[in-house]
Structure formats: structure tokens, C-alpha cells
Amino acid sequence: MNNKHFLSGLYAITDPELMGDELLAKAEQAIIGGINILQYRNKTASKTEQIEEAQILASLCHKHDVLFIINDSVELANEVNADGVHIGQQDTGIQNARKQLGQDKIIGVTCNNKIENAVIAQQQGADYVAFGRFFKSSTKPSAPAAELSILKNIKQLISIPVVAIGGITPANAARLLEYDVDMLAVIESIFGQKDISGSTRQFIDILSHKDDHKVMSDL
């Protein structure tokens, strides 16, 4: 089944330091809270550990109709039958990833703070693009900063969904929704909180009023 039309809403990304040995339990709490997409990201684990963890998360996500994306590794995405892969500017190329994954899998691409990267990504067959970091981020402090202004005209240049990432909290999320982004990608403000389900629901509530925020920005 082609799941690409589900590319919207809250996009949670796992973090080994925040989740520790409670990966499954914390991921499940985020799913209960209402995330649409879960990305598995663990660059420090061994290949064996990555496969074991990804298989467990893939099963959990598919049980709850949540899209499951693998960070960087096309090989791992194939291994666990993930819904797709998210790649950076320095990772496996989009066209190479497409050859390995097939047409029905999702390919997302990090564009940092460069609009031209998004235009090229769409031309090469990406299914969504991610911009950021928009705010100060403790999980990726060295990521290049992106200005909110880059989102202003992006929908006039590309037709694929847009993800915003980087230091997003319930306090600043509405500012991004004013620019009609399709997905909010969150790490610490979900998995770094004591009440993961409750924190997730805060974002879901904000996203449910997305059209209100957009209307306000158009006035």
C-alpha cells in the first residue's frame, strides 16, 4: 500500500540518549499521544542493535497505522520493511535510494536552510523535504540555523510536503504553522518529557488548529 498521502501532522524522531533502554515504551507513549510518523535514528548502536530496535518499532508502528521511517540507512529500511528512509545532503543520493527501495516507499530529504536543495530534491524524486533548525536545539546544536522567512514562499516552488525541525516546542509551534508547513518534527519536546503522551497531545491540539494559524498569517 502506498502511504505517501499520510505525510502530515506530528513527526517524532527517536533519540538514544533521551530514550535509553525504554525505546519501545516511550515510542508507544508517543503513538498513543497521536503521532503520525516515527523516525528511528540511532547512529551509535551496532548494526545488530539497529536491526533489533528497528524491527520492534516497525511492528509497533504498523500495528497502530503510524508511518515508520529509518534515518539515513536504505539498507536498514529494506531489512525491516520500513515505510521509507530519511536522508541528508551527505547520505545516499535520492535516485540511488529510489532504485533500492522502489516507487512505493517514502524518501525524505534534509534541506537545512537552502531552498534550492528542496527544489532539486523534488526534481530527483523526493516525497518530502525538511528545513531547520528553526529554533535553538539541544539535540542537534550544531545544525545550521534556518530563518522562518525561507518557508514564506516555498509552497510556490515545490508541491511535495514540507517538514519543519529544530527546537520546536508547544510554545513556538504555531509560528511555523503560520507558514503552512505539513509536518512538525520533534525530538526533545516529546521524548525528553516525563509525560510523553501528554506532551504529544499538546502538539496534536496545536496542529488541529493549523488552519486558524494560517488564516491569521494571511490577514
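Please treat every number below as a calculation from the coordinates, not as lab data. In this text the structure is predicted, and so the values were computed from the model without any measurement. Because the Cβ atoms are built from the backbone with ideal geometry, glycine has one as well, and the counts that use them run over all protein chains shown.
Annotations for the structure displayed:
- Size of the chain: Rg and Dmax of its alpha carbons, in Å, are 16.1, 53.
- With contacts taken as Cα pairs under 8 Å at a separation of at least 6 residues, the chain carries a relative contact order of 22 percent.
- Expressed in units of 2.2 N^0.38 Å, where N is the residue count, the Cα radius of gyration of segment 19-73 is 1.05.
- Each principal axis of the Cα cloud of segment 171-215 was taken in turn, and the coordinate range along them, longest first, works out to 33, 16, 15 Å.
- 5 angstrom amide H check on Val186, placed H, neighbours 5+ away: Tyr11, Ala12, Ile13
- Val181, Val109 arranged by Cβ crowding within 10 Å, fewest neighbours leading: Val181, Val109
- Shown for segment 98-219 is the translational diffusion coefficient from the Stokes-Einstein equation, using the Kirkwood radius over Cα pairs, a temperature of 37 °C and a viscosity of 0.692 mPa s: 217 µm²/s.
- Distance in nm between pseudo-label sites at Asn78 and Thr48 (7 Å out along the Cβ direction from Cα): 2.3 nm
- Residues Arg201, Arg98 arranged by fewest to most Cβ contacts within 10 Å: Arg201, Arg98
- FRET efficiency, 1/(1 + (r/R0)^6) with R0 25 Å, evaluated for Ser197 and Glu147 via beta carbons: 0.15
- For segment 121-183, the equivalent ellipsoid built from the Cα gyration tensor has semi-axes of 20, 14, 10 Å, listed from largest to smallest.
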